[in-house]
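Input: a single structure, listed below in structure tokens.
Read the figures in this text as sums done on the coordinates, not as results from a lab. Small disclaimer: the values here were computed from a predicted structure and weren't measured. Reconstructed Cβ throughout: ideal geometry from the backbone, glycine too, with neighbour counts over all protein chains shown.
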Amino acid sequence: MCGDPCHRAAVSAKVSPQIAAPLLAWYDANARSLPWRAPPGSPPPDPYRVWLSEVMLQQTTVAAVRPRFESWVARWPTLADFAEASDDDVMAAWAGLGYYARARNLLKCARAVAADHGGRFPDTEAALRALPGLGDYTAAAVAAIAFGRRAVVVDANVKRVVTRLFADDGGNIRALADSITPDDRAGDFAQAMMDLGSSICTPRAPKCLLCPLREDCAGFATGDPEAYPAKKAKAEKPTRHGTIFWLARGEDVLLVRRPDKGLLGGMRALPSGPWTLAHPHPSAASPLPPSPIGRGKGPAAEGGGKGEGEMEGAPAQADWQWLDGEIVHVFTHFRLVCRLAAARVEAQEAGAGGEWWPVARLGQAGLPTLFAKAAEKFRRDCDAV
DNA sequence: AAAACGTGGCC
DNA sequence: TGGCCAAGTTT
């Protein structure tokens, strides 16, 4: 360090306005109108709406979030309303948005704010950071956008803009972002960075000629801004196989609730067995032993050679029929191929964690997309429904 | 610290 | 049309 007490002030007076001022001017003229957002320069919106939108937007596109945000706040207009919602209603309302731990943490967070903070969000980044589901990014974003705090907001957009701006290898994004974050209008600055990242400084084919920061951008100067940030190698995505079951009784179908931990945790679902890694070399493997699972008629007993375990997890001993075809669903870290088996029973209890659900109202069950796809195929292709 | 954790839109 | 990617967090 230089020992000059004015050093930091000199830096922020010199560097920060060079970036923040033109960016904010651009934002004043080009801010997107979004339902969770206040117009540039106006008072901050309800922290509940800021928080909700930020959590919904984690790894999720604006296009997907917008309608879900609207219906969410119509149903639960305030934090107090939402804190009283049931787990079931919240998980069903989140269905289709993915990353369901967000919904579980959302409710935990709302109840924590109600119980420990008098029903109002804390207004400091550190206190926000301690709430369930708020990591470094979201705590900074809420502090800046909802409370006008100066906070260094770093998400994928900021990372992209900043690495290009400085032609940086990505070693210390936070320090670089800190160096251009203004003391005033930190919330607008953060949202301006995101708008710039989504409309101008895009991952591919950035529109540098429209960029308000072009003159100060080292990445533009290199002639290949797209090289930043460096992209990481993608991991191989293994394939798993499983079975999804449709058990009909009268006009109802059996639904279960998945365990709170793990994939699709806490969500309603059709019963399913284990999702097992495909055998590396199915044809070369020794023939599987004959399997009596399922007993009597049924897919596992028909000797199709599909192997043992396909009926594992079946919710009943029944005359299971395979549907033609399979469901293919791609998750973040594996690809799932599911066979579909259907049966009908006359009288059976739902059992622990199960419930008979009217088929006509399946749309309101809040099934995650995998099971919604499966249910659609059952209803279209299967006469046992 | 690497891996788990979903989904829909876009080119 | 299949891969890439999005306003990340948790363990």
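At-a-glance table
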{"read-out": "Value of [θ]222 nm, deg cm²/dmol, for chain A, DSSP H segments ≥ 4, -39500 (n - 2.57) each, nearest 500", "value": "-11500 deg cm²/dmol"}
{"read-out": "In the stretch A:154-259, GluC sites (Glu not before Pro) in a DSSP loop with at most 14 other beta-carbon atoms within 10 Å", "value": "A:GLU236, A:GLU251"}
{"read-out": "Under 12 Å, Cβ to Cβ, from A:ALA374 - net charge with Lys/Arg +1 and Asp/Glu -1", "value": "+2"}
{"read-out": "Coil-residue GluC sites (Glu not before Pro) of the stretch A:26-122, DSSP, other Cβ within 10 Å capped at 16", "value": "A:GLU84"}
{"read-out": "Inter-centroid distance (Cα atoms) of the stretch A:89-120 relative to the stretch A:34-70, Å", "value": "15"}
{"read-out": "Sequence-distant aspartates and glutamates (8 or more away, or on other chains) whose Cα lies within less than 17 Å of A:LYS108", "value": "A:GLU54, A:ASP81, A:GLU84, A:ASP87, A:ASP88, A:ASP89, A:ASP116, A:ASP260"}
{"read-out": "Chain A: angle of helix A:101-116 to the longest principal axis, Cα-based, in degrees nearest 10", "value": "60"}
{"read-out": "Restricting the stretch A:304-385 to GluC sites (Glu not before Pro) in coil, as DSSP defines it, with at most 11 other Cβ within 10 Å", "value": "A:GLU346, A:GLU349"}
{"read-out": "Spin-label pair A:SER199/A:ALA80, simplified geometry with 7 Å Cα→Cβ offset, distance in nm", "value": "3.7"}
{"read-out": "Label zone at A:ALA218, where the point sits 7 Å out along the Cα-to-Cβ direction: the stretch A:181-203 residues whose backbone N lies under 15 Å", "value": "none"}
{"read-out": "Lysine pair number, Cα distance threshold 21 Å (strictly under), the stretch A:145-274, separation 8 or more or different chains", "value": "5"}
